[in-house]
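Right, one structure below, let's go through it.
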């Protein structure tokens, strides 16, 4: 006796006009011009939250904005390294020591950036509501 494969059927009515219009509007949103402001706010928040021994890592934060035809990316970067390993990763996630011990990581990045993410989300939502 042969078993038949289950089938899934989709049906819809209407078109995607409202969705396409929303996405086209979202591409032109003016809040994207505010990303420089949010980038700098993030740098300041990260600088203040970074654990400090010498201050070099805290002072090594910057941001980059990458725009493509499909997306915009706001990225915070830190240029402080030890033997080509980013110090902020060692601080955030922890690391082994040279003597076999372990240093527990401290989640300082996420709490520092959460208020910035909230501001970006609020700004984007306000812009969507206006359009």
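The values are calculated or read from the model by the stated rules, or taken from the named source; none is laboratory data. Every value quoted in this text rests on a predicted model; they were computed, and no experiment measured them. For neighbour counting, all protein chains shown are included, and Cβ atoms are generated from backbone atoms with ideal geometry for every residue, glycine included.
Brief remarks on what is shown
- Only listed residue being under 28 Å from residue 125 (Cα atoms), outside any strand (DSSP E or B) and at pLDDT 90 or above, chosen from 46, 32: 46
Residue by residue, here is whether (1) in a loop (DSSP other than H, G, I, E, B); (2) more than 17 Å from residue 34 (Cα to Cα); (3) touching a strand residue (DSSP E or B) at 6+ places or on another chain (Cβ under 7 Å) holds:
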{"residue": "66", "(1), (2), (3)": "no, no, yes"}
{"residue": "88", "(1), (2), (3)": "no, yes, yes"}
{"residue": "106", "(1), (2), (3)": "yes, yes, no"}
{"residue": "118", "(1), (2), (3)": "no, no, no"}
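- Near pairs, Cβ below 9 angstrom, 6+ apart or cross-chain, from region 64-78 (without any contact (Cβ under 8 Å) to a residue 60 or more places away in the chain) to any residue that is part of a loop (DSSP other than H, G, I, E, B): 78/50; 78/57
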